[in-house]
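The values are calculated or read from the model by the stated rules, or taken from the named source; none is laboratory data. As the structure is a computational prediction, the values presented were derived from the model and not from experiment. Please note: Cβ atoms are built from the backbone with ideal geometry, for glycine as well, and neighbour counts cover all protein chains shown. Please note that ligands, DNA and RNA were not included when accessible areas were found on the heavy atoms of the full protein model with its side chains. Shrake-Rupley method; radii C 1.70, N 1.55, O 1.52, S 1.80 Å.
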Amino acid sequence: MTTMLTDETRHTTSADRLTDEEWAQYERDGYLVLGKLLSDADLSALQERIDAIMMGTADVPYDRLLMQLDSTTGRYEDAPAQSKGHKGATLAYRKIQDLELDPLFLSYMERPIFRDICERTYGPETPVAAFRAMFMNKPAQQGTFLPWHQDRWTNLDRDPQITLWTALDPATVANGCVQIVPGSHKFGLINPSHGSGFLTHPQAEEWAPKEKVVYLELAAGEVALLHNHLLHASDVNRSDIARRAFSVCYMDANTVGGTFTRLWE
């Protein structure tokens, strides 16, 4: 049967660095819950900022933001196309990408603990860039099912390895929290022929059986570190509470295959 996180899998990290024990657990499981890293004030500021961006009232370069409305059916294949520019004043966006262009979100992305994690992942001398800094949303009583997959991109000469996922609302089973298979980052690429690492239905049944699935429930302001090859999926939102989140994929800035925003050298 599917399981929830326990207190033993949560690590409240108030310092600017992970402990060696925490890092060892991440390497073993492919994920680590860092605890609440956002104060109530900082959480409210990010919530208000992303709502303003969705409503079209924020001072941001909309022509440079990749924005996608949510599907109305809950089916991934029915989600509208992603493209640059505002799509209308609504809180029913599914994805807003390139948020490193917003000073508030950029400041959060550059926190010392995230830099520590990048140094452990890529090495202290490796320059780091943001591959994707994006808002992911499942509006109340809506949301789009995200099939089982591993994060990878065949257009790049190397895979970005880590994502920091911040809950801007409580992430619960009811509103479509992320589901994971612990340790699955060690499986290798299950479907390397797919450009974004999506599994076929038979592969999902084999590699993500219900008895191995863990629901990654998080309180608002909590952060999870995820290995990009960790199998994950998420359901639709069957609650009256939106599931807003901010997801940042950090990469080796030497990666070839696109133009990326450097964060630090």
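See the values below:
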item	result
Matching residues, the range 204-218, being open to solvent by less than 50 Å² (accessible area, probe 1.4 Å) and in contact (Cβ under 8 Å) with a residue 24 or more places away in the chain	A204, A208, V213, V214, Y215, L216, L218
Complete set of residues in the range 10-61 that are of a type in the set (D, E), modelled with pLDDT of 95 or more and in a loop (DSSP other than H, G, I, E, B)	D59
Pairs with Cβ under 7 Å, 6+ apart, first in the range 47-68 and in contact (Cβ under 8 Å) with a residue 24 or more places away in the chain and farther than 17 Å from R243 by Cα, second charged (D, E, K, R) and assigned to a strand (DSSP E or B)	R64/K84; L65/K84; L66/K84
Given (1) closer than 22 Å to D40 by Cα; (2) in a loop (DSSP other than H, G, I, E, B); (3) among the small types (G, A, S), number of the condition S107 does not satisfy	(2)
Search result, residues across the range 228-265 that are within 23 Å of N137 (Cβ to Cβ), at pLDDT 95 or above, open to solvent by 20 Å² or more (accessible area, probe 1.4 Å) and not in a loop (DSSP other than H, G, I, E, B)	H232, R244
Unmet criterion (only one of (1) open to solvent by 30 Å² or more (accessible area, probe 1.4 Å); (2) in a loop (DSSP other than H, G, I, E, B)) for R132	(2)
All positions within the range 61-87 that are touching a Lys or Arg at 6+ places or on another chain (Cβ under 9 Å) and either of a type in the set (A, V, I, L, M) or open to solvent by 20 Å² or more (accessible area, probe 1.4 Å) (or both)	Y62, D63, R64, L65, L66, M67, L69, A79, P80, Q82, K84
The lone exception for I117 - which of (1) buried (at least 20 other Cβ atoms within 10 Å of the Cβ); (2) in a strand (DSSP E or B) it fails	(2)
Selection status of T90, assigned to a strand (DSSP E or B) and either under 30 Å from K210 (Cβ atoms) or open to solvent by 20 Å² or more (accessible area, probe 1.4 Å) (or both)	no
